1. With a 1.4 Å probe and every protein chain left in place, tell me how much accessible area TRP188 has, in Å² to the nearest 10.
2. Counting only the heavy atoms of the protein chains, how much of THR181 is accessible to a 1.4 Å probe, in Å² to the nearest 10?
3. Nearest 0.05, what FRET efficiency do THR151 and GLN24 give at R0 = 25 Å with Cβ-Cβ as r?
4. Probe radius 1.4 Å, ligands and nucleic acids left out: which of VAL150, VAL180 has the largest accessible area, and how do the rest follow?
5. For SER116 and ASP196, calculate 0.36 nm times their separation in residues minus their Cα-Cα distance, and state this gained length in nm to one decimal.
6. For a Förster distance of 30 Å, can you work out the FRET efficiency between the beta-carbons of LYS96 and GLN47, rounded to the nearest 0.05?
7. Which value in nm describes the separation of the simple spin-label points at ALA17 and GLU176, placed 7 Å from the Cα toward the beta carbon?
8. To the nearest 10 Å², what's ARG144's accessible area with a 1.4 Å probe?
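The values are calculated or read from the model by the stated rules, or taken from the named source; none is laboratory data. Because the structure is predicted, anything quoted here is derived from the model rather than measured. Methodologically, a virtual Cβ is constructed for each residue, glycine included, from the backbone with ideal geometry; neighbour enumeration extends over all protein chains shown. SASA here: full protein model, heavy atoms, side chains in, ligands and nucleic acids out. Shrake-Rupley method; radii C 1.70, N 1.55, O 1.52, S 1.80 Å.
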Amino acid sequence: QQSPYWMPSAWDKKSAAAGIDTDQQGNVLVCNLVNHQIVEISPAGKQLSATPVPWPDKVMVSRKTGDLYVVSRKVSRGGLPPATLTKISGRGETAKVVAPLPLEGLVGSGYTLDESGKTPVLWLAGSRNQGERDSTALLRVEDRGDKLVVTGDQFLNRDPAAISFVSYTDVDRDAELLYVTKSGGTVWRVNGETGDG
């Protein structure tokens with residue numbers, strides 16, 4: 001099938017077949033970034049459906065309802081734009097978008113689905129921002145039927161001012177100061193006695 005979009009390359013760390021999951025019947029669902037669809041393949045290898053989804057990067061399938069939870073992130077040359085989490089009901093051309101949820105930064109690069117309780121819960125991980133103030137995020141998202149609701153996001157680092165990644169450090173022992181950088185242009189100076197930045 002011809003596509004107006006360029007093929008994602010190894011340089012962009014993407015492939016045409018991005019995310020993959022299986023459903024309760026053993027069908028395989030694959031994110032096809034190039035053709036903007038989720039392809040459903042039977043255990044025997046026959047294509048069953050192609051559900052249109054813009055820029056599908058990750059897919060999770062509900063073992064209870066068959067609903068799809070898709071993390072879509074447009075592939076670009078350079079920085080990656082924020083993603084969207086979308087709940088989709090059905091397969092193929094008749095599939096319906098039930099609920100979208102915009103995400104920040106690179107949230108959605110890690111994901112899992114917990115259906116052990118009455119309400120399905122999605123956990124999405126990644127860095128909240130790109131650039132100087134990266135912060136690691138873990139979002140808890142409840143599927144409330146027609147809405148995806150973030151019910152928590154301060155599980156890993158409860159201090160939004162904390163340094164998220166340390167590359168190099170040095171100490172001024174006389175002044176009790178610690179200097180920290182994350183290999184970019186920013187340097188943090190921390191009081192060694194109080195911990196204040």
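1. Approximately 50 Å² for this residue.
2. The accessible area of THR181 comes to roughly 20 Å².
3. Efficiency for this residue pair is about 0.45.
4. VAL150, VAL180
5. Values: separation 80, 0.36 × 80 = 28.80 nm, distance 4.17 nm.
Extra length available between SER116 and ASP196 comes to 24.6 nm.
6. My answer for the efficiency is 0.90.
7. 6.0
8. Around 120 Å² of this residue is reachable by solvent.
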